[in-house]
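Student: Quick one: structure below, then a few questions.
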Amino acid sequence: MSGCPENRSGIRRIGILTGGGDAPGLNAVIRAVVKAAANCKCETIGLEDSFDGLIEADRSRPLTPKDVTGILRIGGTILDALVVIGGDGTLSIAHEFHLRGIPLVGVPKTIDNDIVETTNTFGFDTAVSFATDAIDRLHTTAEAHHRVMVVEVMGRYAGWIALYAGVAGGADVILIPEIPYDVDIVADRIRARDQLGARFSIVVVAEGAKPMGGKASVLKEASGEFVERLGGNAIRVAAELETLTGKETRSVVLGHLQRGGAPTSFDRILATRFGARAVELLLDGQFGTMVAFHPPDIVAVPLERIVGRTRNVPLDFDVVRTARAMGISLGA
Ligand code: F6P
């Protein structure tokens with residue numbers, strides 16, 4: 001058994017490109033595409049610098065299974081590479097290319113987990129795992145000094161990383177963009193913990209979290225082709241909590257550390273399945289689609305369903321209810 005599906009589309013050469021920020025598991029997708037393509041007697045060409053690699057002559061190179069040996073566990077990207085791997089922006093561009101007749105399949109990549117129509121993007125699990133480890137470490141120092149530790153995680157306008165890492169790490173408060181918070185409610189929770197003898201607290205704040213009637217803290221406004229840069233939420237929340245509770249408070253920003261390092265086994269398997277399925281879809285002629293995780297299956301969804309949408313945490317989502325059942329304050 002070769003494991004190779006019937007090549008209905010007659011494709012013999014597959015280009016691969018990545019766009020946007022890096023995410024753990026990117027190399028695992030590239031490796032899977034190259035191996036699955038080689039298994040079906042197809043060549044893979046790596047395209048550098050995202051869509052530029054399609055246009056400029058010297059920005060592409062063939063990739064063989066030998067080139068991708070040993071990269072499964074490596075973070076980052078070995079090329080900017082028509083399998084298109086990216087977040088919502090890159091996938092929207094891929095959709096435009098598809099409408100202009102370019103045969104392609106998308107693969108959802110972002111640590112933020114905010115792409116619609118898929119339960120998971122690759123990179124998310126690794127980011128959550130890193131943030132959980134950080135929260136574990138903050139627990140001991142918070143307890144030792146009877147402090148409030150406010151830790152800011154990424155996620156853009158979605159609270160997936162904060163919610164998952166906060167629940168996994170046993171945070172006392174989790175603030176996510178989907179639930180605007182009241183800082184007085186957060187301060188009440190910290191005081192209540194003190195009264196119970198738990199004289200430290202861990203607050204996880206998503207970079208996109210915002211106070212009721214207010215806005216998330218922004219480091220740089222959007223301008224031209226550049227999007228708004230979020231940041232500063234932890235410092236702001238920490239300062240407010242110190243004033244309200246009188247407790248010593250510190251802030252930590254996990255930042256780009258969440259995007260680096262080796263992917264978790266979950267992300268490696270997901271990325272490998274995404275890459276292999278993307279090749280199957282190309283060979284089957286199912287263009288203009290994105291591979292998606294609908295547990296336990298990897299399925300194809302039309303790219304047009306992805307464009308212009310963000311996957312937010314639903315307010316009635318089970319993990320939200322679980323957080324509340326654990327006594328975690330969501331600030332409202
Ligand atoms: O989309 C991934 C992400 O890491 C977000 O969580 C974060 O807001 C943004 O990218 C940071 O982008 P940059 O790499 O431009 O700092």
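Student: Quick one: check the C-alpha center-to-center distance for segment 1-41 versus segment 109-187, whole angstrom.
Tutor: 33 Å
Student: A follow-up question, please. For the chain, count all C-alpha to C-alpha pairs, find those more than 29 Å apart, and express that count as a whole percent of the total.
Tutor: Values: 22507 of 54946 pairs.
Everything past 29 Å amounts to 41 percent.
Student: Using a probe of 1.4 angstrom, how much of the accessible area of the chain is carbon and sulfur, in percent?
Tutor: Carbon and sulfur: 53 percent of the exposed surface of the chain.
Student: Using only the alpha carbons of segment 267-317, what is the convex hull's orientation-averaged projected area in square nanometres? Can you show the working numbers first?
Tutor: Details: hull surface 17.8 nm².
It is 4.4 nm².
Student: At 7 Å along the Cα-to-beta-carbon direction for both Val299 and Arg324, put a label point, then send me their distance in nm to one decimal.
Tutor: 2.8 nm
Student: Largest first, what is the accessible-area ranking of Cys42, Cys4 with a 1.4 Å probe?
Tutor: Solvent-accessible surface, decreasing: Cys4, Cys42.
Student: Still on this model: For segment 98-138, restrict the atom set to alpha-carbon positions and state the Rg and Dmax in Å.
Tutor: My reading of the Cα-based Rg and Dmax gives 15.2, 51 Å.
Student: Can you give the % of DSSP beta bridges in the chain that are antiparallel, to the nearest 5?
Tutor: Of all bridge pairs located within the chain, approximately 30 percent are antiparallel.
Student: Over the Cα atoms of segment 1-118, Rg to Rh with Kirkwood Rh, two decimal places?
Tutor: 0.95
Student: Still on this structure: Treat segment 128-259 as a sphere of radius equal to its Kirkwood radius over Cα pairs and apply Stokes-Einstein at 10 °C in a medium of 1.306 mPa s; give the translational diffusion coefficient in µm²/s, rounded to a whole number.
Tutor: Roughly 109 µm²/s, to the nearest whole number.
Student: Here's something else I'd like to know. Counting DSSP beta bridges with both partners in segment 1-82, what percentage is antiparallel, nearest 5?
Tutor: Antiparallel bridges make up about 50 percent of those DSSP assigns within segment 1-82.
Student: Now for a separate question. Return the aspartates and glutamates within reach of Lys66: Cα separation strictly under 19 angstrom, same-chain partners fewer than 8 residues apart disregarded; answer none if there are no such residues.
Tutor: By straight Cα distance, Lys66 reaches Glu43, Glu48, Asp80.
The values are calculated or read from the model by the stated rules, or taken from the named source; none is laboratory data. All figures in this text were calculated on a predicted structure; none of them were measured in a lab. All Cβ positions, glycine included, derive from the backbone under ideal geometry; neighbour counts span all protein chains shown. What goes into the accessible areas is simple: the full protein's heavy atoms, side chains included, and nothing from ligands, DNA or RNA. Shrake-Rupley method; radii C 1.70, N 1.55, O 1.52, S 1.80 Å.
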